[in-house]
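Single-structure report; data block below.
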Amino acid sequence: MASLASMSIPLTTERARERSEARTAWLLASPAILLIVLFVLAPIAAVIFLGFTDFQLGIGKFRFVGFENYAHLFNDRTFRKSLWNTSVYTAIVAPLSIVLGLGVALLIESETLARSFFRTAFFLPVASLIVAMATVWQYLFHPTIGPINALLALVDIPGPNWLGASGTVLYSLSIIGVWQSVGFNMVLFLAGLTAIPRELYAAAEVDGARSSFDRFRLVTWPMLGPTTLFVTTISVINAVKVFDTVKTLTDGGPNHASEVLLFTIYQEGFVYMRVGYASAMTVVFLAILVVLMFLQYRLLDRQVHYT
């Protein structure tokens, strides 16, 4: 009996210690949890709620309209156009920025001289204010005094109105998007390349991987799996969220040719003051992001090799 009592005392003490640690953990995590609730979960809940109303800024009263906003949404030509433009922009910017970012990272990693200089030079677009750099791009793409059209004129190629024509404006914005994203992807890939053990390259060379391409195919690319998955996710999210360049350079024009989802949401919510309708758009936008992320992880995570 005494032995059972002596065994129960350590168990009680252990449980009390675990409860104390749990309370301490919740206490330490409570500021972060509070911030997540206030700035993430609560706004999402408010957006979902407002999406079922006809709430407008400046009007105190509103009523529930059910799925009326969503029914109108998918019959809205402007929304469909912005959804298409966002899809095209993402399909151009995300793959190109990933491929170019990886290529630049491989070149810098193989360079022994001025490595820090090239890292800084390619990362500058990420650190620059896009609104300020948009002015530079506006000059570069100018139809009459822009350097790009001046270079095309040297070889007798008529330069288009890059930002003023419906057929070229979205591709011009995509060029800016790629320029802005390559440096960030380069830094992520450089971190992944640095983490690859050098012994794997030596082992691959012993096994017959003599060329740089063979070493990349057998060692570098498989070991960059987790980094590539992360870069792909970030690149798609950033491309879908494009807004600054559109607002600064084209304001959605000409003829809605460069209007993207976030710009349409901004117009509806803060220009036309239709917050309920803009909230419904936001819910659709968030749903698209969630679906894209789910598909990426389902398709790419199976091919990723974690060390």
Which of Val291, Val126, Val169 moves most in a GNM of the chain, Cα contacts under 10 Å?
Val291
Work out, in µm²/s and without decimals, the Stokes-Einstein translational diffusion coefficient of the chain at 4 °C, 1.567 mPa s, Rh from Kirkwood over C-alpha pairs.
55
Per-residue ellipticity at 222 nm attributable to helices in the chain (runs of n ≥ 4 DSSP H, -39500 (n - 2.57) apiece, nearest 500 deg cm²/dmol) works out to -22000 deg cm²/dmol
With every protein chain kept in the model, how would you rank Val290, Val65 by accessible area, 1.4 Å probe, largest at the top?
Val290, Val65
May I ask you to list, by number, the DSSP H helices of the chain whose Cα span along the axis is at least 24 Å and whose average Kyte-Doolittle hydropathy reaches 0.0 or more?
2-36, 77-110, 169-194, 275-300
Quick check for you: with a 1.4 Å probe and neighbouring chains kept, what is the accessible area per residue of segment 228-307, in Å²?
49
Under 18 Å between alpha carbons, and skipping anything fewer than 8 positions from Lys247 in its own chain: which aspartates and glutamates qualify?
Glu259, Glu268
Relative contact order [Cα under 8 Å, 6+ residues apart], the chain, whole percent
28
Computed over all unlike Cα pairs, the Kirkwood hydrodynamic radius of segment 133-198 in Å stands at 13.9
Whole-number accessible area per residue in Å² for segment 1-127, which is evaluated in the context of all protein chains at 1.4 Å
72
Added length on full extension, which subtracts the Cα-Cα distance from 0.36 nm per residue, Gln138 to Arg77:
19.1 nm
Of the accessible area of segment 111-258, with the probe set at 1.4 angstrom, what percent is carbon plus sulfur?
67
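The values are calculated or read from the model by the stated rules, or taken from the named source; none is laboratory data. The shown structure was predicted, so the numbers you read here are calculated from the model rather than taken from an experiment. Protein only, heavy atoms only, side chains kept; ligands, DNA and RNA dropped before computing areas. Shrake-Rupley method; radii C 1.70, N 1.55, O 1.52, S 1.80 Å.
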